[in-house]
Each structure stands twice: as C-alpha cells, then as structure tokens.
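Asks: What follows is a structure written as structure tokens; I'll ask about it next.
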Amino acid sequence: MEELHSIRDLKKLVAAADPKRPCARLVRLVAKAGVLKDDEPISAADLGPACVLQYLQVSWMSELEGVLGLAGETVPEGVWPNADEQRQPWTLFAPDLKLLLESCLRKRRSDHRNFHSLKKIEESWQAAVLSLPATVFSETSLLKDLFAFGQDWDWEFPPFRETVEQVASLLQPDTVQRALPAADADTAKVLWESVRMKKPRRDSRSIGGSSKTARCIAELINKGLPRWCWAGHMAPFNDNLLQYILEPTHFRHRHDKDKDQARLCIVVAMHLTLEELLHQNDDGCSAFSYAVDFAAGGCHDRWWEQVREVIKRQLILRFREVSGPASKLNAIIAQMYKEWWDFCEDDDHHFREVVAAFEEHLRDLTMSCPLSGRPGRGVSGTRWEEDGSRNWADQGWQWGSEDGWWSDMSRWRDDSGWSNFELAEQTP
C-alpha cells in the first residue's frame, strides 16, 4: 500500500486483480461524491474499512467518442476503439485505424485548441496495446503488424515509439521465437524498413523508419529472433542487413544514421558466421568494405568506427575457427584482396590488418608460403604483429562500457543508454 500515491495507482491495482485484466484506463472508481479523478491523492480515509468505492469498467468507445466527434472523425464498425481489443487484438493495427490516427496527428500539429483532446486518442491506443497479454504476440501475427503499423509514417511521436520499446522489453525469448516461426520475405522486409526505409536505388537517403525500432530489434535478436529475419539478404541489390544500413557511405549521409542503428549493426555482426560476414552483394562489396569506407569518408562518429572494428574483429576470429581446406582459405584471402583493391584502395590499415591475420592463420595451418602480397604494400612474408596490426585474440581485447556491455555480446546488463560506450584495451 505504500506505493499507492494517487487514484491512478489504485486503479492499476484493482485492474490487475480483475480476472479479465482490463486496461486501467477503462476502470472507474466511484465514491459518494462522484467519479474519482486519476490525479487525486489517496488519503488514509480512502483506504479505511468504512470507505466504499464502486468499481466500473467502461469501453474505449465511450471514452473517446467525444474526442473523435470533436476531431471530426468517425470509426468504422469492427475497428478499434469500436471493437473489443482483448478478443480482437488485430483491430489495434487495422489499416482504417492507421488512417484515423494519421488524421488525428495531422490535426494535432495545426489545431492547438484541441491538442490535448487529440493526444488522448494516441495515448489510449498505446494503453490498449500495452494491456494485451504478451502471449498474444506468439499466437498471432501481431509482432509483425506492430512494426508494420508505423512503417511509413511518423514513428517519432512518443506514444508509438514508447509502445514498440515496451512491447519488445515485455516479450520473452519463447514468445519471440514462436511469434515468427516461418521464414517470410515480406516480414523481413517490414522489419528492415522499420529501421531504415530508403528508395530502391543506390546512394539513397533514409525516408522512413525509426532508430528506436533498431534498438528494439537488437533486443529481440538477443532474445532469439529467428535468423531469417536479420541474417539473410534481400532484393533488389542482394544486401544483407549490415550492407542495407551501411550503404550509402558518402559523408553527406552521416546524419541519416544514428547510434541505435550502429548498435544494431554491432549485434548483428556478433551473431553472423564467416560466410555471412563475407557476403558480397550484387556490387561485389561486403559489409566490411562499407564499414571501412563510411568510417573513413567523413563520418568520424565513434559509433560507426566501433561498427568497423567489430566487423573486423569478427572476421579475424571467425577465420581462425576455420581449419581448411586450404583452397577455401586461399579463396577468402583472394576475395579480401580484391575488395581492398576495388573499393578501399586508400585504406592502409584495416584491410591490411585483416589479410595479414588471414595469411598468418593459413601459414599456421599449412606451414607453407603465404599468398603473394599486394604490390608495394609489403604484407607478404611479414607477421601480423610485425606489420603493426593489433592481434585481437592474443592481446586480450575486450569490449566494455559503463552501461555493462561486454565482449561476449550475449546479453545486455543494463538498458540505461549507450552514451559512454567505448572500446577498451585490456592488459593481457
């Protein structure tokens, strides 16, 4: 009872005790003086044995009817809030409701007199979604519908941004895995475009999506989001998710991407296999080439430098896990040289570090001469350490931050933000 400070807190407690688990927003507590308001403080007399409160439950339609009328909007039959979202949860993401909310958002921007009334519609939708039991997302297509609902309109309004974040945090690993059981290209496309939507051409800026969605998908990946949602590649350029986010790499797109998208890239890179990290799109370019070019081409944001370093580190560690055949390893090294020459010829460090590490591993396996080096670069015949590159595995590098994210990337210890994330070199 010590946590009860207002009538709103009491309504949440009463709603939780109701077997039907209604949204607390729909609960009414009536005293002798009338309906108690949410912001009213609770006194000791309100909770005493002599206090009698009447418990009522209203519908969303009765709550919003006046607001919708004021906004000049009508709700079609069978669409929330003219439907029971507990029995018909799909009505919360119906196309007609999306049009209704879009209209209210536009009016809210221009009609300052009705700002708070229109805002009530958005908040009510958020409350209705969050009142759904988490299990409903594993039994229906609601997880996909949730991301698609805000795909091509303004995700940055707090009710919708916060809703996605809260739903992602509530879902358990078994729920996430059951929610998307079968591979579906359309679902993968919805998830990718909810992070970053761009026109189907090269060098295209972002025209939609949300950085907050990127954070949510990163969390869902750690909870077991199926690999087909994020580890494959997609038309029209045969990009994987890393390539899709990193391209274009020109410095004028540095404001197109943010730290949450960089965070998603790091999470994805940590889970990809060597073959997936080496995947070349139709342009013959891997994610590493894009990462090197973007970090060097005017985007000196440390988040994208971290993306480059993680991809580089994972390439080296994954390559070291391969024990043969030598022909396969030689082909991989040849691919890296070709990408170096074709896309990042001015890079004199990062590709050098990777190919030197690859060649060293091949020498350890075959005890024979390495591939002939790049002309004029002096990689051939030199050991990785002698080349001035950092040996990640032998020197014991770890990834750490004040918010508790560590090198195995297996889980997030703290969701309190990423402002202090940095690469820390540990003493071996």
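Asks: Just list whichever of Lys11/Lys37; Lys144/Lys189; Lys12/Lys98; Lys11/Lys212; Lys11/Lys144; Lys98/Lys223 have alpha carbons separated by over 20 Å in the model shown.
Replies: Table pairs above 20 Å Cα-Cα are Lys12/Lys98; Lys11/Lys212; Lys11/Lys144; Lys98/Lys223.
Asks: Could I have the simple spin-label model distance between Phe251 and Arg202, label points 7 Å from Cα toward Cβ, reported in nm to one decimal?
Replies: Simple spin-label model gives 2.1 nm for this pair.
Asks: Distance in nm between label sites at Lys32 and Leu170, each 7 Å beyond Cα in the beta-carbon direction?
Replies: 3.8 nm
Asks: Here's something else I'd like to know. At 7 Å along Cα-to-Cβ for each site, give me the label-to-label distance between Ser327 and Arg21 in nm.
Replies: Placing both labels 7 Å beyond Cα along the Cβ direction yields 5.8 nm.
Asks: Something else: What shape does segment 251-291 take by its C-alpha gyration tensor, where a ≥ b ≥ c are the square roots of the eigenvalues and a/c under 1.5 counts as rounded, a/b above b/c as prolate, and the rest as oblate?
Replies: oblate
Asks: From the Cα gyration tensor of segment 145-255, with a ≥ b ≥ c the square roots of its eigenvalues, which class applies: rounded if a/c is under 1.5, or else prolate if a/b is larger than b/c, or else oblate?
Replies: In terms of gyration-tensor shape, oblate.
Asks: Calculate, in nm to one decimal, what Arg106 and Asp348 gain on full extension: separation in residues at 0.36 nm each, minus their alpha carbon distance.
Replies: Length difference between fully extended and current span is 82.0 nm.
Asks: Which of Asp293, Asp18 comes first, and how do the rest follow, when ranked by fewest Cβ neighbours within 10 Å?
Replies: By the 10 Å Cβ count, ascending, the order reads Asp18, Asp293.
Asks: Moving on. Which order do peptides 33-40, 80-87, 61-68 fall in by mean Cβ count within 10 Å, highest first?
Replies: 80-87, 61-68, 33-40
Only the coordinates and a few stated rules stand behind these numbers; no lab work does. Since the structure is predicted, the reported quantities are computational estimates derived from the model, not experimental observations. All Cβ positions, even for glycine, are placed from backbone atoms using ideal geometry, and neighbour counts span all protein chains on display.
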